[in-house]
Amino acid sequence: MKVSARLSRTILSAGLSAGLLIAGAAAVQAADYPTKPVELIVPYAAGGGTDLVARAFADAAKKQLPQSIGVVNKTGGGGAVGLTEIMAARADGYKIGMGTVEITLLPHMGVARFSVDDFTPVARLNAEPSAITVKADAPWKTVEEFLANAKANPGKVRIGNSGTGAIWHLAAEALEEKTGTTFNHIPFDGANPAVTSLLGGHIEAVSVSPAEVSSQLAAGQLRMLAVMADQRQKNFPDVPTLKEKGIDLSVATWRGIVVPKKTPAAVVDTLRTASKAAAEDQAFRDQLAKMNLTWAYADGPEFGQAMQKDNAFFKDLMTKLGMAK
C-alpha cells in the first residue's frame with residue numbers, strides 16, 4: 001500500500017510538472033508572439049469593403065508587428081465559411097480574422113455553427129450603413145419612385161446582396177418589412193460581385209454600403225437613392241436617409257479584428273496594442289477616407305459590448321422578419 005501510494009504521488013507530481021512545463025512553454029510562446037507571419041482571414045471576396053479594410057489594416061500593422069500579416073479571402077455562405085474557419089482556428093494568434101456584423105446574424109438563421117461568444121474581439125476598425133443603389137440610367141431618380149415600382153411589381157425587382165443571411169441581405173429584407181414591398185433577393189459572395197452584376201444589368205439594385213459603390217458613383221455609372229443611417233454620410237451629402245423619407249430604418253455593418261475565444265491573453269493584448277496603433281496611424285485613416293470608408297475604431301472590450309448589443313438587436317429583428325430559426 002505504501003509503495004502504491006508513493007507511486008501514485010510520483011505519477012501525480014510528474015503529471016503536474018509536465019502540465020506546468022507545457023503551460024510555461026505556451027506562456028513563453030505567447031510572450032514572444034508573433035515569431036512567424038500572421039494570416040488574416042477575410043470572409044468575403046476581394047474588392048469589397050471588408051477586403052479593403054483588411055488590406056489597409058494589414059499594411060498599417062507592418063509598422064507595429066515584427067512579422068507581416070497576409071490577407072486570405074475565404075468566401076461562401078454569406079460569410080459563414082470564413083467566419084467558421086476563424087472560429088475553428090488554432091488559438092495561437094497566427095490565424096486571425098476580419099470579423100463582421102454577420103457574426104451576430106448567421107447563427108440566428110441556423111446556417112452557422114458559431115455564436116458571438118466564440119470570438120474574442122480585438123479592435124473594431126470601421127462601420128458603414130446600407131444604401132440602395134441603382135444604375136445611373138435606371139428609370140428611378142428617387143427612392144420613392146424605386147419603392148413605388150417595387151410595390152407595383154412584387155417579386156420582380158432584383159436586389160443584390162453579399163450573401164444570404166449577410167447584413168446587406170438583412171437590410172433589404174428590413175426595407176421590405178418597413179415598406180410593404182416584395183423584392184427578389186439575389187445573393188453573391190461579397191459586395192463586389194453584386195455591384196458587378198448591377199453594372200451588367202442582371203439585377204436592378206444593390207443594398208451594399210456607399211463605400212462599395214463609390215468608384216462607380218464617381219464614374220457616373222451608378223446612382224445612390226438613399227442610405228439606411230441616422231444621418232447623411234459625410235462623403236455623400238446629397239444622398240438622403242430613409243428616415244428623411246419617413247421610413248424609420250437604420251442598418252449598418254462593422255468590421256474589426258477578432259480571434260478564437262481561447263486565444264491567450266498575452267497574444268490578444270499584443271494584437272490589441274498593435275491594432276490600436278495601426279488604426280490611429282494617419283496613413284490607415286487616409287486610406288479609409290480615400291476609399292470612402294468610415295473610421296470607427298473601438299478597443300476590444302468596447303467592441304465586445306457593441307457585438308453583444310447587435311446580437312440582441314438582430315435576433316429580435318430577424319425574429320420579427322421570420323428569418324430566425
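Considering every pair of different Cα atoms, what Kirkwood radius, in Å, is found for the stretch 243-318? It would help to have the intermediate numbers written out before the result.
Details: mean 1/r = 0.0672 Å⁻¹.
That comes to 14.9 Å for the stretch 243-318.
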The whole-number value in µm²/s of the Stokes-Einstein translational diffusion coefficient for the stretch 117-270, with Rh from the Kirkwood sum over alpha carbon pairs at 20 °C and 1.002 mPa s, is 132
Pairs over 21 Å Cα to Cα, from K245/K290; K62/K309; K63/K276; K95/K261; K151/K243, come to K245/K290; K62/K309
Measure of exposure for T273: accessible area at 1.4 Å probe, Å² rounded to 10, is 100
Quick calc, the chain, dipole around Cα centre from Cβ unit charges on Lys, Arg (+) and Asp, Glu (-), nearest 20 debye, gives 920
The correct pair for the stretch 37-120, radius of gyration to one decimal and Dmax as a whole number, both in Å and from Cα atoms, is 12.6, 40
In Å, the Kirkwood hydrodynamic radius from C-alpha pairs for the stretch 15-167 sits at 18.4
Dividing the helical contributions, -39500 (n - 2.57) per DSSP H run of n ≥ 4, by the residues of the chain yields a 222 nm value, nearest 500 deg cm²/dmol, of -13500 deg cm²/dmol
Projecting the Cα atoms of V122, G165, V143 onto the charge dipole of the stretch 98-186, where Lys and Arg contribute +1 and Asp and Glu -1 at Cβ, the residue farthest towards the positive end is V143
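What is the dipole size for the stretch 220-325, taken about its Cα centre, with +1 at each Lys and Arg Cβ and -1 at each Asp and Glu Cβ, in debye to the nearest 20? Present the calculation step by step, with values, prior to reporting the outcome.
Numbers: 16 positive and 12 negative charges, 75 e Å.
Dipole of the stretch 220-325, to the nearest 20 debye: 360 debye.
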Taking only the alpha-carbon atoms of the stretch 86-155, the convex hull volume per residue, in cubic angstrom, is 160
With the 8 Å Cα cutoff and a minimum separation of six or more residues, the chain has a relative contact order in percent of 26
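Over all pairs of distinct alpha carbons, what does the Kirkwood formula give as the hydrodynamic radius of the chain, in Å? Walk me through the numbers on the way to the answer.
On the way: mean 1/r = 0.0478 Å⁻¹.
Averaging 1/r across every pair of different Cα atoms and inverting gives 20.9 Å.
Under 8 Å for C-alpha pairs, at least 6 residues apart: give me the relative contact order for the stretch 30-72, rounded to a whole percent. Let's see the in-between values first.
Numbers: 46 pairs, mean separation 22.2, N = 43.
It comes to 52 percent, rounded to a whole number.
Given Cβ point charges of +1 (Lys, Arg) and -1 (Asp, Glu) and nothing else, what value in debye, to the nearest 20, does the dipole of the stretch 140-224 about its Cα centre take? Please report the intermediate quantities before stating the final value.
Working: 6 positive and 8 negative charges, 42 e Å.
Result for the stretch 140-224 is approximately 200 debye, rounded to the nearest 20.
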The farthest towards the positive end of the charge dipole of the chain, of the residues L225, G180, A45, given +1 on Cβ of Lys and Arg and -1 on Cβ of Asp and Glu, is A45
Heavy-atom accessible area per residue of the chain, all protein chains kept, 1.4 Å probe, expressed in Å², is 44
Under 16 Å by backbone N from the virtual spin label 7 Å along Cα-to-Cβ at E244, the residues of the stretch 172-212 are 210
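The values are calculated or read from the model by the stated rules, or taken from the named source; none is laboratory data. Since this is a predicted model, take the numbers as computed values, not measurements. Cβ sites come from the backbone with ideal geometry, for glycine too, and all protein chains shown count toward neighbours. The accessibility values were calculated without ligands, DNA or RNA, using every heavy atom of the protein model including side chains. Shrake-Rupley method; radii C 1.70, N 1.55, O 1.52, S 1.80 Å.
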